[in-house]
Amino acid sequence: MTKIASLNPARVTATVAAGALIRQLKKEHGQIMFHLSGGCCDGSAPMCFQVGEFKLGDIDEKVGEIVGCEFWMDREQLRRWAHTRWTVDVVPGRGASFSLEAPLNLRFLIRSSLRELTTGIDTAHEAPGE
Amino acid sequence: MSAKSSALPREKTSSIAAGPMNQSASFTAHLKSIQRTIPLHGRYENFIGGGWVAPVNGAYFDNISPTTGQIICQIARSQAEDVELAIDAAHAAADKWGRTSATDRARVLNRIADRMEEYLPFLAAVETYDNGKPIRETNLADMPLAVDHFRYFAGCIRAQEGSLGELDDDTVAYHFHEPLGVVGQIIPWNFPILMAVWKLAPALAAGNCVVLKPAEQTPLCIMVLMELIQDLLPPGVLNVVNGFGIEAGKPLASSARIAKIAFTGETTTGRLIMQYASQNIIPVTLELGGKSPNIFLADVLREDDDFVDKALEGFAMFALNQGEVCTCPSRALVQRSIYERFMEKAIKRVESIRQGDPFEMSTQIGAQASNDQFEKVLSYIDIGKKEGAKVLTGGSATKLAGELAGGYYIKPTVLEGHNKMRVFQEEIFGPVVSVTSFDTPEQALEIANDTLYGLGAGVWTRDLNLAYRFGRGIKAGRVWTNCYHAYPAHAAFGGYKKSGIGRETHKMMLDHYQQTKNMLVSYSTKALGFF
């Protein structure tokens, strides 16, 4: 588990709505974290767990923090996502995953833009970190 | 709770109804055309120990039909206590079912297949309502395949034999197949009944008792299936508990009282399932999806014949089941020398796909299974555009009229780009194909294998020597050669790389649900002479 200090701090951010949901989940579950999933079905979506529930390994890399929560992903997957930056949003829905928000009929969703661009995602609506 | 809990099932009720189901006009009209049906309810409890059992805490969640976006019924929102009840029921039945003869187990599986066949149009309709896929597919693919799968494993278990090794004149090693006992299965929402049957048929044939958790998006059709077949299985052999992953899936997958866990889904939850299994040192089988390449070599267009037509259909297969297939051919690689000519025909084929009311037999593509999936697919089209991919057709949602206006419909979409784009690297799980070109077969193979996954692939060529080299060179568990999206029983299905562990839809799946018992027998009366 290597933390890369030089990462762009804005690699991953959260919308105001996602920030509110994260705060709600923290109240309910304590410290939480995210791991980006791959593969089919509910893949390519951020999975939210209590810290310690999902065991991180040497293949994972921390890519940032949103609302005080660490955001991790598989390093090989990160290599393929490296040219993009992500905003965690929330939409009505229900992923068939173990993610903590599912029982609330809400689902975290990744919206992306290119890393070199500052436009594409309206950063004014992004929630500040804690 | 102990395995001998006598409280089972705790609240067996004769009625599972809380009023009738909320049915759309399309669904109701379609049901009227079907001869054999059973009543549909407004609320479904868990199926445990051969009966209907209310969730211990009395909580339910709303089930939405993606065809309309409307709530159609309520489903048990189970917790650990409910999972424990189901595991109790399974343990109570396990010994007897495990010792039931293969002949009798096969008979039960065949009866289930017969019952499903009797009610095939009805089950197809319910699944379409639950999942959003066209009625054409549930009638012609999902249900017939599910029926055949039970029959296939009924045959397999009767034909299976142990072995004996004659080690020397006095010593024989016997190998027996024994069931694992009680197993857990967590299934996805893209083929709710077929994916359940892929896992249930081998597990039950091998003599295991099962606790199954359906996906939260499509919990209804499994419960209707249970109601249809509840008289055919001994109580406790098959138990179905609905609920959310963290609330019901975790207590099942992490239980010290299951002997195996099977899961189909995505990679993070796949890892979590393995972590739970590692605590109990039990085996897992996982199917976690892919990013399957579909390769079209130049000689496809050498003639103007039926094969060209078949290859173009093969290209359009990315839209089958709205792209919600783990092996969706979501990357198309087309040889440069035919690229323009081929793509012109391919786009025409894609644009002829009929999208509309899933209950119309002429509809070829229906609704995405849920709103979050709908949003995710659109977010991928968005990043594809930002990455510089060109939208050759589609690229947006479809707004249908009337009661379907609230449904989750997306146009079949073709993106043109290169393999480093995210739309070429992550399974979008929607009706979206990303197309690129290549010059040589070696290049095509390199692009095909430049992915984290390895579940499926397609190769189209008239040169069968080349096809063979591709088939062996692609790092994926299934290489369709001059065909795509065929899922017959007796052809093994499973992944290389991060696509998972295990091979389904083949008799070899029995091994994943059995222990090997070795009896090492000496027929000599003489001591060895060591002591």
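The values are calculated or read from the model by the stated rules, or taken from the named source; none is laboratory data. Just so it is clear, the structure is predicted and the values come from calculations on it, not from any experiment. Note that each Cβ is placed from the backbone with ideal geometry, even for glycine, and that neighbours are counted across all protein chains shown. Calculation scope for accessible area: heavy atoms of the full protein, side chains included, ligands and nucleic acids excluded. Shrake-Rupley method; radii C 1.70, N 1.55, O 1.52, S 1.80 Å.
A few points about this structure:
- Within the stretch B:264-297, the residues that become at least 50 Å² less accessible when every protein chain is included than when their own chain is isolated (1.4 Å probe; DNA, RNA and ligands ignored) are B:266, B:268, B:271, B:272, B:275.
- In the stretch B:200-216, burial by the other protein chains removes 20 Å² or more of accessible area from B:216, compared with the chain on its own (1.4 Å probe, ligands and nucleic acids ignored).
- Two-site FRET efficiency, residue B:396 against residue B:482, from Cβ-Cβ distance with R₀ of 30 Å, rounded to 0.05: 0.35
- Counts of other chain beta carbons within 10 angstrom of each beta carbon in peptide B:241-254 average 3.
- Rounded, prolate or oblate (a/c below 1.5 giving rounded, otherwise prolate when a/b exceeds b/c) for the protein assembly as shown by Cα gyration tensor: rounded
- Centroid-to-centroid separation of the stretch A:20-74 and the stretch B:425-484 [C-alpha atoms, Å]: 32
- Disulfide-incompatible cysteines by the Cβ rule (no partner under 4.7 Å) in chain B: B:73, B:156, B:209, B:221, B:328, B:483
- Listed by chain and number, the lysines placed with their C-alpha closer than 27 angstrom to that of residue B:348 are B:133, B:291, B:310, B:376, B:385, B:386, B:390, B:399, B:411, B:420; residues fewer than eight positions away on the same chain are left out.
- Residues in the stretch B:221-232 carry Karplus couplings, in order, of 5, 5, 5, 5, 4, 4, 5, 5, 10, 4, 7, 8 Hz; the curve used is 6.51 cos²θ - 1.76 cosθ + 1.60 with θ = phi - 60°, and Gly or Pro positions show x.
- Put a dot 7 Å past the Cα of residue B:475, heading toward its Cβ, do the same for residue B:32, and the two dots end up 5.7 nm apart.
- Simple label model, 7 Å out from Cα along Cβ direction - residue B:465 to residue B:348, nm: 3.3
- Separation between Cα centres of the stretch B:179-199 and the stretch B:73-143, rounded to whole Å: 9
- Counting DSSP beta bridges with both ends in the stretch B:383-526, the antiparallel % (nearest 5): 45
- Interface residues of the stretch A:82-114, defined as a loss of at least 40 Å² in heavy-atom accessible area between the chain alone and the complex of all protein chains with a 1.4 Å probe, are A:83, A:94, A:96, A:98, A:103, A:109, A:112, A:114.
- Solvent-accessible area lost on pairing A with B (1.4 Å probe, both sides summed) amounts to about 4100 Å².
- Note on the protein assembly as shown: antiparallel DSSP beta bridges, both residues inside, total approximately 55 percent of the bridges counted.
- Percent accessible area from carbon and sulfur atoms, the stretch B:283-387, protein chains only, probe 1.4 Å: 46
- Per residue, the stretch B:209-359 exposes 28 Å² of solvent-accessible protein surface, assessed with a 1.4 angstrom probe and all protein chains in place.
- The stretch B:301-415: translational diffusion in µm²/s, Stokes-Einstein, Kirkwood Rh over Cα pairs, 10 °C, 1.306 mPa s: 104
- Counting only other chain Cβ atoms within 10 Å of each residue's Cβ, the peptide B:428-435 averages 1.
- Other protein chain C-beta atoms within 10 Å of residue C-beta, averaged over B:365-375: 5.
- For the stretch A:42-59, 3J(HN,Hα) computed residue by residue from phi via the Karplus equation (6.51, -1.76, 1.60; θ = phi - 60°) reads 9, x, 6, 10, x, 9, 10, 10, 4, 4, x, 5, 9, 8, 6, x, 4, 7 Hz, glycine and proline entered as x.
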